[in-house]
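Beneath this line is the structure, given in structure tokens, with notes to follow.
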Amino acid sequence: MKTVFVKKEDVNRQWWWILDATGQTLGRFASRIAKILMGKNKPNYTPNVDNGDFVVVVNAEKIRVTGKKLNQKVYYHHTGYIGNLKAETLKERLEKKPEEVIVDAVWGMLPKTRLGRKMIKKLKVYRGSEHPHIAQKPEPLKIN
């Protein structure tokens, strides 16, 4: 048997999947999204080609976490000025911008290369159930 490698021109995308985050555990949900973005759910997966699909996540505010992560998990970012390291807990971030919680979790599971940056751009996350991608006819994907 010969190994078949997919070329950039041969990529066949299922353009849009829609995933509902209601009641899903954050880490497991993010790993499933990362696999779809990388194209690992397809039989012709090639690590050096962006073979993944576009993903739309709705109801990001209804994601759940296990254990004491709501109060103990801390997100840090630096403003660039001396002494300005900002920190916020997962609970605070879920109240302000739950979309970024899912994007950060998925980004942690993607490669940190040019290819990974292309993959994360195919992820669209929305707080509620409304999204502007109805024209693309996204298909719902059931996650157990």
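Restricting to region 1-37, what's the tally of residues that are over 26 Å from L94 (Cα atoms) and of a type outside the set (V, I, T)?
Restricting attention to region 1-37, the residues satisfying the condition of being over 26 Å from L94 (Cα atoms) are 1-15.
So of that shortlist, the ones also of a type outside the set (V, I, T) come out as 1-2, 5, 7-10, 12-15.
Of the residues in region 1-37, 11 are over 26 Å from L94 (Cα atoms) and of a type outside the set (V, I, T).
Please find, among K91, K124, K112, K142, the residue that is of a type outside the set (F, W, Y), closer than 27 Å to D50 by Cβ and surrounded by 13 or more Cβ atoms within 10 Å (Cβ to Cβ). Write out each step before concluding.
On the way: K91 fails: closer than 27 Å to D50 by Cβ; K112 fails: surrounded by 13 or more Cβ atoms within 10 Å (Cβ to Cβ); K142 fails: surrounded by 13 or more Cβ atoms within 10 Å (Cβ to Cβ).
Going through K91, K124, K112, K142 in turn, the sole match is K124.
Highlighted here are the helices (runs of 4 or more DSSP H) found entirely within region 25-99 that include at least 3 residues which are closer than 25 Å to P111 by Cβ: 26-38.
Look at (1) β-branched (V, I, T); (2) surrounded by fewer than 19 Cβ atoms within 10 Å (Cβ to Cβ); (3) in contact (Cβ under 8 Å) with a residue 60 or more places away in the chain and you find that V65 fails only one, number (3). In region 116-144, the residues that are within 30 Å of P47 (Cα to Cα) form Cβ pairs under 8 Å with partners that are among the small types (G, A, S) and part of a helix (DSSP H, G or I), at six or more places apart or across chains, as follows: V125/A60; Y126/A60.
Being out of contact with any Pro (no Cβ under 9 Å at 6 or more places or on another chain) and either at pLDDT below 95 or among the β-branched types (V, I, T) (or both) is true for just one of E100, E88, E92, E139. Which residue is that?
On the way: E100 fails: either at pLDDT below 95 or among the β-branched types (V, I, T) (or both); E88 fails: either at pLDDT below 95 or among the β-branched types (V, I, T) (or both); E92 fails: either at pLDDT below 95 or among the β-branched types (V, I, T) (or both).
Going through E100, E88, E92, E139 in turn, the sole match is E139.
The values are calculated or read from the model by the stated rules, or taken from the named source; none is laboratory data. As the structure is a computational prediction, the values presented were derived from the model and not from experiment. For neighbour counting, all protein chains shown are included, and Cβ atoms are generated from backbone atoms with ideal geometry for every residue, glycine included.
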